[in-house]
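Participant: Questions regarding the structure given below will be posed in turn.
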Amino acid sequence: MLELRDLVCRYGKVTAVKGLSLKVERGQLVALIGTNGAGKTTTLKAISGLLPPSGGSIWFDGVDITRASARKILSLGIAQCPEGRHVFPYMTVTENLEMGCYLRTDKQEIAADFERMFEQFPRLAERRLQPAGTLSGGEQQMLAIARALMSRPKLMLFDEPSLGLAPNFVERTFDIITNIRANGTTVLMVEQNALAALEMCDHAYLLESGSLALSGSGAELIDNPHVRSAYLAG
């Protein structure tokens, strides 16, 4: 479904991603792990069209999207739930969800999706007319996920979904992501909680200093001595 071929991303003279190649097969939950500064978020930005690659290529469903706009990429079926949630704080919960489907014109299906989101996230239903900035961190994360789902994506990108959440919301968020995959949406997830990510995923990639260091199933990386000592210790 998604393939990166020798992807290179730069910020000025700094090369953040150095010839990265990876694949995400349809129906998989794939994890991208590594320390801060390893190039994980930069990789998601390139896939989403928010950062033009300096080299290599990005393919989605057989289409070269390397130079496609963020709008075009969203229309093809890739949605991102960003790090830090980035809800629109002065807009209501309902208005935030409307932003997730602004490219769609199927009004009846949109209405059905609103009801589906409110059934799946009852706290959002209770707060549908409340400004998003007044929600708790966990509620804002639910809203960010629901907003992305309103575009009916084929592929969901998650950037640090557990960051800054209370423990009960962390577990809830991971359950939601697992259910999204179970319901047929492919997932590529960047996550600092390496153990949780590896336990959830079908396949994982370890980035170090912008380069691919290891790849394999979640179980294989959990059993890898380097991963255990550097990322799972303690």
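Participant: How large is ³J(HN,Hα) for each residue in the range 199-213, as worked out from phi by the Karplus curve 6.51 cos²θ - 1.76 cosθ + 1.60 (θ = phi - 60°), to whole Hz, x for Gly and Pro?
Facilitator: Here the 3J(HN,Hα) series is 5, 7, 8, 7, 9, 9, 10, 9, 9, 9, 6, x, 10, 6, 9 Hz.
Participant: Based on DSSP, what percent of beta bridges with both residues in the chain are antiparallel, to the nearest 5?
Facilitator: Values: 21 of 38 bridges.
Bridges in the chain are about 55 percent antiparallel.
Participant: Cα centroids of the range 158-219 and the range 47-65: how far apart, whole angstrom?
Facilitator: 21 Å
Participant: Roughly how many debye, to the nearest 20, is the charge dipole of the chain about its Cα centre, given +1 on each Lys and Arg Cβ, -1 on each Asp and Glu Cβ, and no other charges? Please report the intermediate quantities before stating the final value.
Facilitator: Values: 24 positive and 25 negative charges, 145 e Å.
The calculation lands at about 700 debye.
Participant: Further, regarding this structure: Once you sort the root eigenvalues of the Cα gyration tensor of the range 26-88 as a ≥ b ≥ c, which label holds: rounded (a/c under 1.5), prolate (a/b larger than b/c) or oblate (the other case)?
Facilitator: Details: a/c = 1.36, a/b = 1.23, b/c = 1.11.
Cα axes put the range 26-88 in the rounded bin.
Laboratory data are not the source of any read-out in this text; all were calculated from the coordinates shown. Small disclaimer: the values here were computed from a predicted structure and weren't measured. Counting neighbours? That spans all protein chains shown, and the Cβs are built from the backbone with ideal geometry, glycine included.
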